Amino acid sequence: MTVATALVIENDPTDDLRRLGEWLTEAGLELTVRRPHAGDELPEALDDYLALIVLGGDQSAYPGPGGEPGAPWFPALEGLLRKAVRHRVPTLGVCLGGQLLASAHGGLVERSTSGPEIGPGLVAKRDAADNDPLFKWVPLMPDVIQWHRDEITELPLQAVLMAASSRYPHQAFRLGDRAWGLQFHIECDAAMIEQWAASDQAGIDELGYDTEAVVLATAELLPDVEEVWQPFAARFAALALGTLPDADIPNPGTARTLPLLGQ
């Protein structure tokens, strides 16, 4: 079968592809969306896909009090993320998706002791980002949108930190030579933020924020987010399509080998 599309896993109906989907398709990448929250089954392998994209959601990447997964499909999804990294399938995990990428490879995700992080934010690139095929063109302190209570407290041993912030040090990382996890959001539009604000009044109140101010400030930030992250998405699509220059891709012979953690 000819590989034609990227596989997108939507974990929560409130966090779909939105602008990220538009950027990827504009860059020539076709997308197949599976919604396990609505009963879609996950594939056992990624042989038929150019890339894997895992979106965010309200669930937790770590087990509940009784040891149950944050969602019934998370064990299978983590297995798919391990296969993606092992077989060098370009992978992008956003917020919860990034946390699942980390936990699938031995990282630790926990409820943050720093409290929720909501609304417009800045992250700072780390030195390793200067040699990264996606991050090296990102500004030193790019604008991002935050909306999370959990955080990656320990990265996988093989991860390379791409971006950090003072309260949440693990904002972006790379595993192998073509898998990235982001703690922040780049896919949001104004309507999505309005929906999140309406359903997370408790988080906004905990921070002492005004709901309308959060929505307005985030909406005003969207052009700056697009300026940075639309080209980032286009480079990811080019990597998946095989059109990114070879010189921009890390040499797999020098990449650290990842241990086999399960599937």
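I'm checking my understanding of the structure. Among residues of region 23-58 that are of a type in the set (A, V, I, L, M, F, W, C) and free of Cβ contacts under 8 Å to residues at least 40 places away in the same chain, which one is surrounded by the fewest Cβ atoms within 10 Å (Cβ to Cβ)?
Filtering first and then ranking leaves ALA38.
Before we move on, is PRO65 modelled with pLDDT under 95, on the phi < 0 side of the Ramachandran plot and exposed (fewer than 13 other Cβ atoms within 10 Å of the Cβ)?
Working: modelled with pLDDT under 95: yes; on the phi < 0 side of the Ramachandran plot: yes; exposed (fewer than 13 other Cβ atoms within 10 Å of the Cβ): yes.
Answer is yes for this residue.
Quick test for you: out of LEU52, LEU46, LEU24, pick the one residue that is over 26 Å from GLN146 (Cα atoms) and touching a strand residue (DSSP E or B) at 6+ places or on another chain (Cβ under 8 Å).
Every option except LEU46 fails the conditions.
Find all pairs meeting these conditions: Cβ atoms under 7 angstrom apart; at least six residues apart or on different chains; first residue within region 59-71 and closer than 21 Å to HIS105 by Cβ; second residue of a type in the set (A, V, I, L, M) and modelled with pLDDT of 95 or more.
Final answer for the pair search is GLN59/ALA71; GLN59/LEU96; ALA61/LEU96; ALA61/LEU100; ALA61/VAL109; TYR62/VAL109; GLY70/ALA61.
Inside region 61-76, can you point out the residues that are among the small types (Gly, Ala, Ser) and part of a helix (DSSP H, G or I)?
The answer is ALA76, and nothing else.
Would you check if there is a residue in region 48-60 being farther than 26 Å from ILE193 by Cα, outside any strand (DSSP E or B) and touching a helix residue (DSSP H, G or I) at 6+ places or on another chain (Cβ under 8 Å)? Even if it seems obvious, please write down each step before you answer.
Within region 48-60, the first condition is being farther than 26 Å from ILE193 by Cα, and the residues that meet it are 48-51.
Of the ones still in play, those that are also outside any strand (DSSP E or B) are 48.
Those still in the list that are touching a helix residue (DSSP H, G or I) at 6+ places or on another chain (Cβ under 8 Å) too: none.
Within region 48-60 (the criterion being farther than 26 Å from ILE193 by Cα, outside any strand (DSSP E or B) and touching a helix residue (DSSP H, G or I) at 6+ places or on another chain (Cβ under 8 Å)), the answer is no, since none of the residues qualifies.
Which numbered condition in (1) surrounded by fewer than 22 Cβ atoms within 10 Å (Cβ to Cβ); (2) hydroxyl-bearing (Ser, Thr, Tyr); (3) touching a residue at least 24 places away in the same chain (Cβ under 8 Å) is the only one that THR91 fails?
(1)
Residues checked against (1) touching a strand residue (DSSP E or B) at 6+ places or on another chain (Cβ under 8 Å); (2) closer than 18 Å to LEU96 by Cβ; (3) among the basic types (Lys, Arg); (4) in contact (Cβ under 8 Å) with a residue 40 or more places away in the chain:
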residue: LEU157; (1), (2), (3), (4): no, no, no, yes
residue: SER166; (1), (2), (3), (4): no, no, no, no
residue: ALA179; (1), (2), (3), (4): yes, yes, no, yes
residue: CYS188; (1), (2), (3), (4): yes, yes, no, yes
residue: MET192; (1), (2), (3), (4): no, yes, no, yes
residue: ASP200; (1), (2), (3), (4): yes, yes, no, yes
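Here is a list: GLY106, GLY79. Which entry is out of contact with any Asp or Glu (no Cβ under 8 Å at 6 or more places or on another chain), assigned to a helix (DSSP H, G or I) and at pLDDT 95 or above?
GLY79
From the list PRO116, PRO90, pick out the single residue that is touching a Lys or Arg at 6+ places or on another chain (Cβ under 7 Å) and modelled with pLDDT under 95.
Within the list PRO116, PRO90, the selection yields PRO116.
If you go through region 91-100 one residue at a time, do you hit one that is among the polar types (S, T, N, Q), under 16 Å from LEU239 (Cα atoms) and either outside any loop (DSSP other than H, G, I, E, B) or more than 15 Å from the chain's Cα centre (by Cα) (or both)?
Scanning region 91-100, I find at least one residue that is among the polar types (S, T, N, Q), under 16 Å from LEU239 (Cα atoms) and either outside any loop (DSSP other than H, G, I, E, B) or more than 15 Å from the chain's Cα centre (by Cα) (or both), so the answer is yes.
The values are calculated or read from the model by the stated rules, or taken from the named source; none is laboratory data. None of the values given here were measured: they were computed from a predicted structure. Don't worry about glycine lacking a Cβ; one is built from the backbone with ideal geometry, like all the others, and counts go over all protein chains shown.
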